[in-house]
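The values are calculated or read from the model by the stated rules, or taken from the named source; none is laboratory data. All figures in this text were calculated on a predicted structure; none of them were measured in a lab. Here the Cβ is made from the backbone with ideal geometry for all residues, glycine too, and neighbour counts use every protein chain on show. Calculation scope for accessible area: heavy atoms of the full protein, side chains included, ligands and nucleic acids excluded. Shrake-Rupley method; radii C 1.70, N 1.55, O 1.52, S 1.80 Å.
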Amino acid sequence: MIAVEHLVKRFGDVVAVDDVSFEVGEGEIVALLGPNGAGKTTTIKSILNLMVPDSGRITIGGRVVKPGDHWLYRHISGVLEGNRNIYWRLTVEQNLQFFVGLSGKWVARRDRERLLERFGLLERRGQEARKLSRGMQQKLAVLCVLVRGTDYIVLDEPTLGLDVDTTYQLADMIRFMKDSGRTLLVSSHNMKFVERIADRVVFINRGRVVAQGGVDELRRMFAFRTYSIRVVGRGNPGQLFPDARVEQKENAHVIHISLEPEHLYDVVDKLRSHGFLLEEIRRDEPDLEEIYLKVIGGEA
Amino acid sequence: MNLVRALLIREIQLLRSYAFNTVSGIITVVIIFLILLLGVRYALPGSGGMGNTEEAMVVAFFLWSWLLGGLNTLTWGITMEAQQGTLEQLYMSPYGFRVVSILMLGISIISNLAFSVPLLVILMLISGRFLHIDVATVSVLLFFMVLPAYGLGYVFGGMALLYKRIQNVFQVINMGVVGLFMLPDSFPWNLIPFTSGYHLISRAMRQGIGLTHLPPAELSTFIATSILFFLGGLWIYGLLEKRVKRLGILGHY
Ligand SMILES: Nc1ncnc2c1ncn2[C@@H]1O[C@H](COP(=O)(O)OP(=O)(O)O)[C@@H](O)[C@H]1O
Ligand SMILES: [Mg+2]
């Protein structure tokens, strides 16, 4: 488990991180979400012991992070934001060999090849990293962390500047890491990506945690009590509900309406009395993007 | 051992990538040397001191290139790693940056030699002044000569992280090293390992004095100050690094 307790970091007058607490459970993928300047990188660098916070406590697998404790890196490693994290003048394979060696380990050629193959870098293994596309460089950077074999992995904005395709490949890599028993903390701006990978989400804004929870739990928390009711029948059901938004779909209408659950019967009765046939009633679940906007958009 | 293997891979590859820099660096130094050599021959035609001056020049140029290699490995290395965004990755080694960087220095002796040895040969050929090269003696002296340069490299590397643009200051320091060779071989100047080391190596290379025949007091002062400079540099780097980590600017460049 990674536990962050009451983390505070100021830069002069700027309070970059202001009493942040959260946990990343064993084997979990937690996403750290927030706008630019929210304090994600500061939090991540503190966890990786690359920055010394003003106060607060961070534990990784029960081990308290102390300044200058480099043995920590037997347990945790990470890819930092925007940084290239790999050597441009080394080939794909040399980069892998270098970073695994940096952790005092070695990966047999066969395993290395299997890994490169799995993530579409095998044909590129002899190429210098600077000649790769941005997406491949990022995949390589993540692989270089993966081969270090630490139980905890932190990725700061790994999807920055990637196209949709590579973003999904990266999501696949992250699921792969989870499946091999790793615990991950990932910051990102890309809600689709986060929705795909995260077990839990921590929203952070202006250095404070503004909401956190499981993705489904958050959906329920932020459900807007909006229902989609699909009906078929003569005429436009919109006339019955002036507040609703109505869409025509093929031979049916879908009514989007906000109401308290106990008023749902009234709606159904009204529809029946006007001869509409009920095809489906669904409560709309907000996607992460909507939750994000609700949690952060209002303030930012 | 895996760590050493990894660092070797990197060093050899980077050496290959920057082979052009090595060659052009050697050419630059040779050109400067030629200009000075011609100047000396023109200014002091046929004088008895000419041979000595020229020999001193060969030794000074050789040692200078050797020391610059030592200084630059870290100052330039740390700056490069920070710019490339790989410095933090080096910090995330379970062995710690200290061990990683010291091993890197050890390995960088290869590329340092790849620069200085051909240079020495070229300088001896064009000046016609062939020096005594007792490999054991010269190796030991060169090692303790470069050690304090590594110490300074740590200091400037740490300052580069903290203050960013120190390139100009650093250029001056690079030149200043030669000035240290001119200082007399006596107290307190002999407490500067660059100065005492220069005089010792001069004697070894120009007069063919072996390690065991060099004055033990001078030799041990040289070795002791050399080690002290190195450890002092590491210590100062530690202080600078602490500050850098508090400011959260490790790897910012
Ligand atoms: N090393 C630093 N020195 C001064 N201010 C910083 C430093 N790092 C970050 N900040 C400031 O702290 C705040 C949080 O930054 P950061 O953690 O990088 O946010 P995020 O990663 O969420 O975009 C921002 O206002 C940023 O300008
Ligand atoms: Mg950031």
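A few remarks follow.
- Check on A:ILE153, open to solvent by less than 10 Å² (accessible area, probe 1.4 Å) and either away from chain B (no Cβ under 14 Å) or within 16 Å of ligand 1 (Cβ to nearest atom) (or both): no
Here is a yes/no grid of residues against (1) within 30 Å of B:ARG129 (Cα to Cα); (2) out of contact with any helix residue (DSSP H, G or I) (no Cβ under 8 Å at 6 or more places or on another chain):
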{"site": "B:SER202", "(1), (2)": "yes, no"}
{"site": "B:THR212", "(1), (2)": "yes, yes"}
{"site": "B:GLY233", "(1), (2)": "no, no"}
{"site": "B:ILE236", "(1), (2)": "no, no"}
{"site": "B:GLY248", "(1), (2)": "no, no"}
{"site": "B:TYR253", "(1), (2)": "no, no"}
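- For region A:251-261, the tally of residues that are modelled with pLDDT of 85 or more and within 23 Å of A:GLU285 (Cβ to Cβ) stands at 6.
- Matching helices (runs of 4 or more DSSP H) fully within region A:185-291 where at least 3 residues are in contact with a helix residue (DSSP H, G or I) (Cβ under 6 Å, 6 or more places away or on another chain) and closer than 26 Å to A:GLY82 by Cβ: A:191-197
- Residue check for B:LEU211: at pLDDT 95 or above, surrounded by fewer than 19 Cβ atoms within 10 Å (Cβ to Cβ) and of a type outside the set (Lys, Arg): no
- If the condition is being open to solvent by 50 Å² or more (accessible area, probe 1.4 Å) and either within 14 Å of chain B (Cβ to nearest Cβ) or not in a helix (DSSP H, G or I) (or both), then region A:113-133 contributes A:ARG125, A:GLY126, A:GLN127, A:ARG130, A:LYS131, A:SER133.
- Filter result for the condition that a residue is away from ligand 2 (no atom under 16 Å from the Cβ), at pLDDT 85 or above and open to solvent by 50 Å² or more (accessible area, probe 1.4 Å), over A:ARG220, A:ARG234: A:ARG234
- In this entry, A:ARG208 passes the filter for residues that are charged (D, E, K, R), within 16 Å of ligand 1 (Cβ to nearest atom) and either at pLDDT 85 or above or open to solvent by 50 Å² or more (accessible area, probe 1.4 Å) (or both).
- Index of the failed condition, B:LEU239 passing every other in (1) within 14 Å of chain A (Cβ to nearest Cβ); (2) open to solvent by less than 50 Å² (accessible area, probe 1.4 Å): (2)
- Which listed residue is at pLDDT below 85, of a type in the set (Asp, Glu) and open to solvent by 20 Å² or more (accessible area, probe 1.4 Å), from A:GLU299, A:GLU247: A:GLU299
- Conditions (1) within 14 Å of chain A (Cβ to nearest Cβ); (2) within 23 Å of the chain's Cα centre (by Cα); (3) within 15 Å of B:ARG10 (Cβ to Cβ): number failed by B:ILE78: (1)
- Test: residue in region B:150-160 that is closer than 30 Å to A:ILE47 by Cβ, within 14 Å of another protein chain (Cβ to nearest Cβ) and in a helix (DSSP H, G or I): no
- Sole exception among (1) within 14 Å of another protein chain (Cβ to nearest Cβ); (2) open to solvent by 30 Å² or more (accessible area, probe 1.4 Å) for B:LEU234, by number: (2)
- Residue tally, condition more than 14 Å from chain B (Cβ to nearest Cβ), within 8 Å of ligand 1 (Cβ to nearest atom) and open to solvent by 10 Å² or more (accessible area, probe 1.4 Å), over region A:14-64: 2
- Only listed residue being among the hydrophobic types (A, V, I, L, M, F, W, C) and either farther than 22 Å from B:MET175 by Cβ or within 14 Å of chain A (Cβ to nearest Cβ) (or both), chosen from B:LEU87, B:LEU68: B:LEU87
- The residues listed here are A:LEU102, A:LEU80; of these, the one that is within 7 Å of another protein chain (Cβ to nearest Cβ), within 26 Å of the chain's Cα centre (by Cα) and farther than 13 Å from A:LEU132 by Cβ is A:LEU80.
- Listed by first and then second residue, the pairs with beta-carbon distance under 7 Å, at least 6 apart or on different chains, first residue in region A:65-88 and more than 16 Å from ligand 2 (Cβ to nearest atom) and open to solvent by less than 10 Å² (accessible area, probe 1.4 Å), second part of a loop (DSSP other than H, G, I, E, B) and basic (Lys, Arg), are A:SER77/A:ARG148.
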